[in-house]
Amino acid sequence: MGIKMQTSSLSFYYGEKQALANVSLKFREQEITALIGPSGCGKSTFLRTLNRMNDTIPHTRLEGEVLLDNQNIYAPDADVVAVRKKVGMVFQQPNPFPKSVFNNVAFGPRMSGNNQGVSLDEVVEGSLRAAALWDEVKDSLHKSGLVLSGGQQQRLCIARVLAIEPEVILMDEPCSALDPIATLKIEELMQELKKKYTIIIVTHNMQQAARVSQWTGFFLMGELVEYGITRDIFTNPQNKKTEGYITGRFG
Amino acid sequence: MPREGFERQLQQLQNKVLFMGSMVEKAITRSIESMKSRNLEAARQLIADDLEINQIRYEIEDDAIQLIATQQPMAADLRTIIAVLNIITDLERMGDHAEGIAKITLMLGDEPPLKPFIDIPRMADRTKHMLRRSLSAFITRDTTLARQICTEDDEVDNLHEQVYRELLVFMLQDVKTISRATYLIWASHNLERMADRVTNICERVVFMVEGKVEEMNVSKY
């Protein structure tokens, strides 16, 4: 598979504090890359640089490049809205809008007004089906999204992302607030989604990284320590620090 | 953040493998001694005692499964446990080969010896020496030693061939020796297979340390 996104010599600063140092990483199309590392290692900061979510945080600075289809998303003429449309994001806590299930999913397409001749009903149904939620909510589309269970809310958020037809999906610990069954559902869903999308997931759960991803990057203190095929990282890491972290000896 | 409980359990697991190895080494010694002295009672006891080797193998396997299920071992820890699971299979089979020699002793009964009993005990000594050092390589993560031991398997193979040729001559010269000579060839074959099993253990040591599976006992055939 080709390279969908890549960073080159990416550094990031919160004020004077450097959070990322010279991270160069490639994300392959239609594959899942997991980013692991202890708290504060910079993996979530790194994830947020991939769709310019850090732009909203004051006193931050970025060096290096983030390429999406070989275009630098930080180029002066880059369209931030277009970038965020192509690179969708799912967060740790399910955060549906206080609206109906239908309107949660329809929100993005309505805002962008870009349905290309497809009715909103079809977009909502297609997105909910793709997020493996349709069968559970098809009879309550007009009830509030907030009455769904945590796992359903997270899948609703995924449907909301899918409705704007992204190419890359960023997931920041998407299962950390979910029970094991809901977690498995999201993991199975990810395997379906990767047939169409490039997925990058930050997770604290190493078993999850080992289960769902094809590629894994290990971050420590703002640096990318090791990156490789997931099964190699978890069975035979080359770096002592990676070994120490994944075997639970530190971190 | 050290994982003291897990570290301790992983160490205990490896210690049990060492203990099992010493049981197998003793079984090899006893099998040869009982054959040499035609002590049928000792041979019978050895056959009965093989159950203990099987027993500890299942105990270690159970401990390993517990560790995998409860500790989610990764990387070197995972490879250690997988190596242990493979090594105990080889050790258990070596115990079976020793038991096989004891059974041959029973079949030989009180028939007079064909010739002085030298090469077969020598094969047993070489094999035990290889076994002891393979487990030392396992504990110390010494891949150089593990690779060295594999090259020594040829010596046991050569001794086996020598025993085979000599016994063939006996059989050609006197058909009355065929049954005894055949039994001894079986005994020699049991030892030859034990040494092969030691090379498997060495391969697992290399896998455990370096993370790659490597065929190190390449047959000359």
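Details
- On Cα atoms only, tilt of A:180-193 relative to the major axis of chain A in degrees: 90 degrees
- Protein accessible area in chain A, 1.4 Å probe - carbon and sulfur %: 50 percent
- The stretch B:58-82 versus the stretch B:127-144: alpha-carbon centroid distance in Å: 21 Å
- Axis of helix B:143-173 versus longest Cα principal axis of chain B: the two differ by about 20°, to the nearest ten degrees.
- Computed across the protein assembly as shown, the Kirkwood hydrodynamic radius from all distinct Cα-Cα pairs reaches 26.7 Å.
- Between chain B and chain A, the total buried accessible area stands at approximately 1100 Å², from heavy atoms with a 1.4 Å probe.
- Partners for A:Lys26 among lysines (Cα-Cα distance below 22 Å; same-chain residues under 8 apart left out): A:Lys4, A:Lys43, A:Lys85, A:Lys86, A:Lys194, A:Lys195, A:Lys196, A:Lys241
- When you restrict to C-alpha pairs under 8 Å that are six or more residues apart and normalise by the size of chain B, the relative contact order lands at 26 percent.
- Per residue, the convex hull around the alpha carbon atoms of the stretch B:3-210 comes to 95 Å³.
- Hits among lysines - C-alpha to C-alpha of B:Lys103 under 24 Å, sequence gap 8 or more where chains match: B:Lys26, B:Lys36, B:Lys115, B:Lys128, B:Lys176
- Remark: mean inter-chain Cβ contacts per residue of A:232-238 equal 4, using a 10 Å Cβ-Cβ cutoff to other protein chain atoms.
- Across peptide B:74-83, the average count of Cβ atoms from other chains found within 10 Å of a residue's Cβ is 5.
- Using C-alpha pairs below 8 Å separated by at least 6 residues, the relative contact order for chain A is 27 percent.
- Separation between Cα centres of the stretch A:205-235 and the stretch B:1-24, rounded to whole Å: 28 Å
- Relative packing of B:166-176, B:196-206, which averages over residues the other C-beta atoms within 10 Å, highest first: B:196-206, B:166-176
- Proximal lysines to A:Lys143, defined as alpha-carbon separation beneath 23 angstrom and excluding residues fewer than eight positions away on the same chain: A:Lys99, A:Lys185
The values are calculated or read from the model by the stated rules, or taken from the named source; none is laboratory data. Keep in mind that what you see is a predicted model, and the values were worked out from it rather than measured. Methodologically, a virtual Cβ is constructed for each residue, glycine included, from the backbone with ideal geometry; neighbour enumeration extends over all protein chains shown. To get the accessible areas, we keep the full protein, side chains included, count just its heavy atoms, and leave off ligands, DNA and RNA. Shrake-Rupley method; radii C 1.70, N 1.55, O 1.52, S 1.80 Å.
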